[in-house]
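Below is one structure, written out as structure tokens; the observations come after it.
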Amino acid sequence: MNVTKTPRSWLFVPGHSRRMMDKALGSGADVLILDLEDAVAPEAKADARATVAEFLQEVPTVPCYVRVNALTSGMTGADLKAIGSHAAGFVVPKCESTGDLDRFADHTGGAPVLAIAPETVRAVRALLTQDWSHPTLTGLAWGAEDLAADLGAVTKRGPDGRYLSPFAMARDAMLFAAKAAGVAAVDTVYVDTADTDGLLAEATASESIGFTAKMAIHPRQVPPIHAAFTPSPARVDWALKVVAALRDAGGGVAVVEGQMVDRPHLRQAEAILARGH
């Protein structure tokens with residue numbers, strides 16, 4: 001199944017658990033990420049590949065991406081051989097350049113990719129210095145946990161709950177790289193699955209600066225994420241007015257609700273309508 005509307009939620013599901021995959025279908029998540037990497041112990045990888053492949057062959061009702069093991073792990077080939085062409089796309093972890101995307105595409109024939117880029121220090125540098133446009137890239141995401149390990153950081157957040165400066169910088173770099181490449185910008189997971197209020201606040205803040213979605217690690221996180229990333233009826237109404245007004249004006253400048261609108265507002269309006277689930 002292909003992804004059509006702009007996804008708001010990407011829910012990780014352990015690849016070794018058919019029960020959890022079946023349950024995730026009813027979570028309401030826009031996309032499931034069937035995980036063959038961090039969620040699966042080394043000795044369980046082969047069984048997880050078989051479980052994910054069987055699940056995908058039954059054509060699930062929700063678009064499913066598969067997170068393969070990192071290109072440096074030596075396991076990516078076995079992951080792809082097992083999955084074949086049944087996934088809607090792939091999540092590539094610890095992606096450090098578009099060269100990694102080229103190598104991955106050589107194995108998949110150009111399947112869609114969500115790249116988790118700033119999980120390493122090298123990737124953060126690449127986000128700041130490289131153009132991440134790539135024919136297979138549908139989105140960029142970031143991973144605070146792996147980045148913390150690569151930095152040797154003891155903590156990621158300050159007393160106020162906000163990300164400390166190295167992590168905030170990596171997050172911002174990923175956002176700019178995604179926007180420059182014209183792809184989705186997906187915020188990292190919120191690890192406290194019981195704190196739905198904190199998740200809602202963080203997701204709302206992410207949406208306000210341009211992120212288009214957020215990853216989740218538990219089905220209960222999907223509703224707060226959707227609440228943050230689903231445009232309100234008032235915003236959808238404004239977007240429809242902008243599109244109509246600029247169309248009638250021939251694409252130049254128009255007035256909507258007493259305010260001048262032009263091409264940047266049209267882009268905002270189109271993005272809102274793309275997320276109007």
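Restricting the count to DSSP beta bridges whose residues both fall in the chain, what percent are antiparallel, rounded to a multiple of 5? Beta bridges within the chain, antiparallel portion: roughly 15 percent. Cα centroids of the stretch 1-75 and the stretch 114-142: 21 Å apart. Put in line by how crowded their Cβ is, counting other Cβ atoms within 10 Å and starting with the fewest, I209, I33 read I209, I33. In terms of its C-alpha gyration tensor, the stretch 49-159 comes out prolate, because a/c is 1.5 or above and the ratio a/b outweighs b/c. Panel order for K241, K45, K5, by other beta carbons found within 10 Å of each beta carbon, from fewest to most: K5, K241, K45. The Cα-based radius of gyration and maximum Cα-Cα distance (Dmax) for the chain are 19.2, 63 Å. Of the residues G84, G139, G152, the one that moves most in a GNM of the chain with alpha-carbon contacts below 10 Å is G152.
Counted over the stretch 30-180, the DSSP beta bridges are approximately 5% antiparallel.
The stretch 174-200 and the stretch 205-259 have Cα centres lying 16 Å from one another. By the beta-carbon count within 10 Å of each Cβ, the least crowded to most crowded order of S165, S27, fewest first, is S165, S27. Taking a ≥ b ≥ c as the square roots of the eigenvalues of the alpha-carbon gyration tensor, the stretch 155-209 is classed oblate because a/c is 1.5 or more while a/b is no larger than b/c.
Throughout, read-outs are computed from the coordinates displayed, never taken from laboratory work. From a predicted model like this one, the values you see are computed outputs, not experimental measurements. Don't worry about glycine lacking a Cβ; one is built from the backbone with ideal geometry, like all the others, and counts go over all protein chains shown.
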